[in-house]
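Asks: Shown below is the structure under consideration.
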Amino acid sequence: MLSNHPLLVLAFLAACSPTEQAQEGSPETATTVELPAYRGVVLVTIDTLRADHVSLHGYLRETTPFLDELAERSVVFENAQASMPFTGPSHSSILTGLHPFQHKVMVNGQSLSPKIPNVAMAFRDAGYRTSAFVSTSFLRSVTKSFDEVSLGKRTGRATVKQAVQWAEELEPGTPFFMWVHLFNVHEWEVEKLKKERRPELAEGSFPLDPDAWYDYLARHHGWPMVQATDPFPEFSWDSNGRVITSREILLETVDLYDARVQYVDASVRLLFNKLGQVIGEDPALWLITSDHGEGLGSHNYKGHSGKIFQEQLHVPLLVFQQPALTPRRVSGVVSLVDVAPTLTAGLDPQPPAWESLSLWPLILGEQSGFSRPAFAQRSPVGSAGDVFALIHEGQKYLYRAKHQDAFYDLTTDPQELSSNIDAPDAEATRSMLHAQLKALDWSVGGQDTDISDLPEDILQELKALGYVE
């Protein structure tokens with residue numbers, strides 16, 4: 001655990017998740033929001049989807065045509081942040097409304113305690129049938145509270161097919177909560193991309209000229225800005241020391257990744273249409289997000305679990321309701337720990353009070369001037385390289401246990417290329433964030449990250465994904 005002093009933890013969380021009362025500039029508690037009794041509540045998590053590769057967030061490739069369409073009828077959160085860029089810990093935060101140091105799922109494969117309140121429990125207690133359709137096996141450890149669990153390494157469409165079949169077999173009118181997890185984007189390196197499947201740019205953008213496209217991505221990712229005729233400055237981007245030697249390798253990387261995003265977007269469209277036939281005109285709620293992003297060469301890093309820059313933390317988040325919400329975009333920073341209280345806000349009976357915040361006042365446009373820090377931590381935890389972050393009002397502070405802290409102004413430096421820890425105008429925010437971080441004990445004494453006792457099939461899956469050596 002991160003602290004042996006609960007009052008210190010609560011002092012920090014008061015800035016992130018006011019539980020005693022709604023503070024000015026923060027969403028109100030869920031009990032103040034009147035919502036319909038939903039027939040279907042669907043949580044979709046698209047693994048490894050960084051927000052700036054989603055076309056509804058302005059990316060020049062039309063990677064998410066369905067999400068773009070749905071966003072026109074939804075509330076879109078433009079600054080949603082993951083609590084940890086690691087699949088198991090982040091999904092545990094989504095399901096419980098707690099940060100990893102609270103629910104104690106710190107690495108993939110660790111079990112989420114069934115004693116911790118979670119969204120599946122809340123919906124079950126309210127009379128809903130609950131189900132989880134997960135596209136990888138190691139998330140078995142966080143699904144223990146669901147009535148029905150189907151998991152295994154499979155395509156998004158195979159997962160969707162099973163989820164729809166389950167919903168179709170319910171008694172007519174049965175309310176249900178469903179979690180659908182889609183893993184294909186995570187596996188962008190698995191297979192080579194056929195040339196005829198190369199993703200195209202969105203209509204109206206500049207032609208797909210390799211030089212212009214590389215320049216756009218280099219600015220987007222902080223890659224080396226070099227001409228095609230110039231020598232490429234080699235850099236290593238993973239723990240195996242793989243060296244990137246050309247612009248072409250980086251362009252192929254993005255092609256592979258974006259093609260998987262397009263595939264998963266089509267899977268979400270299929271799920272939405274098929275479940276729409278099951279739900280009919282009954283009230284329904286959809287929340288679509290991601291657990292974390294991906295490096296793709298930003299900061300000389302291709303993956304996610306080892307860093308907490310914005311390419312790892314910033315994820316898409318949109319909420320769709322039937323009957324329709326007033327479409328809007330929310331620019332304030334929110335956290336994935338806010339998903340649990342948001343999904344369960346309309347339940348009867350209400351679940352126990354969550355540590356985190358319901359987003360419904362923001363969804364309904366009843367709250368303005370929203371401002372609250374979002375907390376994140378790097379994995380693995382407990383080493384000399386522990387790194388933690390707070391993101392607040394366009395600024396980001398990184399606390400490093402054994403190295404120099406970093407401070408970024410995300411409004412002028414969204415790629416986090418230039419830390420300015422000594423900037424005079426950053427002093428007030430730096431002092432506030434540093435004090436909040438120092439309030440916690442980062443020794444993580446007693447935190448168990450051992451997974452050696454996992455079933456062999458789970459260990460082998462984690463090894464294949466590079467999480468275990």
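No lab work stands behind these numbers, since they all come straight from the coordinates. Bear in mind that the values here come from a model prediction, so they are computed numbers and not experimental data. Cβ sites come from the backbone with ideal geometry, for glycine too, and all protein chains shown count toward neighbours.
Asks: If each of Ala212 and Glu72 carries a label point 7 Å out from its Cα toward its Cβ, how far apart are those two points in nm?
Replies: Placing both labels 7 Å along Cα→Cβ, they lie 2.5 nm apart.
Asks: Highest mean first, how do 323-330, 34-41 rank when packing is the count of other Cβ atoms within 10 Å averaged over residues?
Replies: The most tightly packed comes first, giving 34-41, 323-330.
Asks: In what order do Val333, Val315 fall by count of nearby beta-carbon atoms within 10 Å, going from fewest to most?
Replies: Ranking Val333, Val315 by Cβ neighbours within 10 Å, fewest first, gives Val333, Val315.
Asks: Where the only charges are on Cβ atoms (+1 Lys, Arg; -1 Asp, Glu), what is the dipole of region 37-190 about its Cα centre, to the nearest 20 debye?
Replies: Dipole of region 37-190, to the nearest 20 debye: 540 debye.
Asks: For Asp147, project a label point 7 Å along Cα to C-beta. Then give me every residue of region 275-295 with its amide nitrogen under 20 Å of that point.
Replies: 275-287
Asks: Give me the net charge of Gln312's neighbourhood, meaning all other residues with Cβ under 15 Å from the Cβ of Gln312; Lys, Arg count +1, Asp, Glu -1.
Replies: Surrounding charge for Gln312 is -2.
Asks: Moving on to the next point. Between Gln350 and Ala324, what FRET efficiency comes out of the Förster formula 1/(1 + (r/R0)^6) with R0 = 30 Å and r the beta carbon distance, rounded to 0.05?
Replies: Calculated value: 0.75.
Asks: Also, quick follow-up: Using the structure shown, select from Lys115/Lys144; Lys144/Lys307; Lys153/Lys274; Lys161/Lys274 the pairs with a Cα to Cα distance greater than 19 angstrom.
Replies: Listed pairs above 19 Å: Lys144/Lys307; Lys153/Lys274.
Asks: Rounded to the nearest 0.05, what FRET efficiency do Gln404 and Asp238 have when you use their Cβ-Cβ distance and R0 = 22 Å?
Replies: 0.40
Asks: Can I ask one more? In nanometres, what is the gap between the two model label sites at Leu270 and Ala158, each 7 Å from Cα along Cα-to-Cβ?
Replies: 1.2 nm
Asks: Another question, then. Efficiency by 1/(1 + (r/R0)^6): what FRET value for Ala37 and Ala423, r their Cβ-Cβ distance, R0 = 56 Å, to the nearest 0.05?
Replies: Efficiency, rounded to the nearest 0.05: 0.65.
Asks: Taking the Cβ of Ala324 as the center, what net charge do the other residues with Cβ under 11 Å away carry, scoring Lys and Arg +1 and Asp and Glu -1?
Replies: Combined, the nearby Lys, Arg, Asp and Glu give 0.
Asks: Can you sort Glu148, Glu311 so the residue with the fewest Cβ neighbours within 10 Å comes first?
Replies: So the ranking, lowest neighbour count to highest, is Glu148, Glu311.
Asks: In a shell of Cβ-Cβ distance under 14 Å around Pro283, excluding Pro283 itself, what net charge do Lys and Arg (+1) and Asp and Glu (-1) give?
Replies: Charge balance near Pro283 sits at -3.
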